[in-house]
Amino acid sequence: MVLMIPSLSTDTLSIELTIKEAFVLGSGVKYAADPKISKEARRKVLRSLEQKLFPATSNTIDYHTLDV
């Protein structure tokens, strides 16, 4: 399945990373002093992407339309 959203090429995404997180993501090296830092940086990026692609309003369910 391919998700086609035409405005993705022009949309921007702002993510607040620490210097260490940006270094780890940008260089691809593992940071030996804190191995969890790359995992946390990736999590921040994925969380921001999910919020951009799937806004909270699309997650709501109209319960009155359900046949329960």
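Values in this text are rule-based calculations from the coordinates and carry no lab data. What you are looking at is a predicted structure, and each value in this text was computed from that prediction instead of being measured. Quick reminder, even Gly has a Cβ in these numbers, built from the backbone with ideal geometry, and neighbours come from all protein chains shown.
Taking 7 Å along the Cα-to-C-beta vector as the label spot, tell me the Thr65-Lys39 distance in nanometres, rounded to one decimal. In this crude label model, Thr65 to Lys39 measures out at 3.9 nm.
One chain, two ends: Lys52 and Leu17. Fully extended at 0.36 nm per residue, the span grows by 10.9 nm beyond their Cα-Cα distance.
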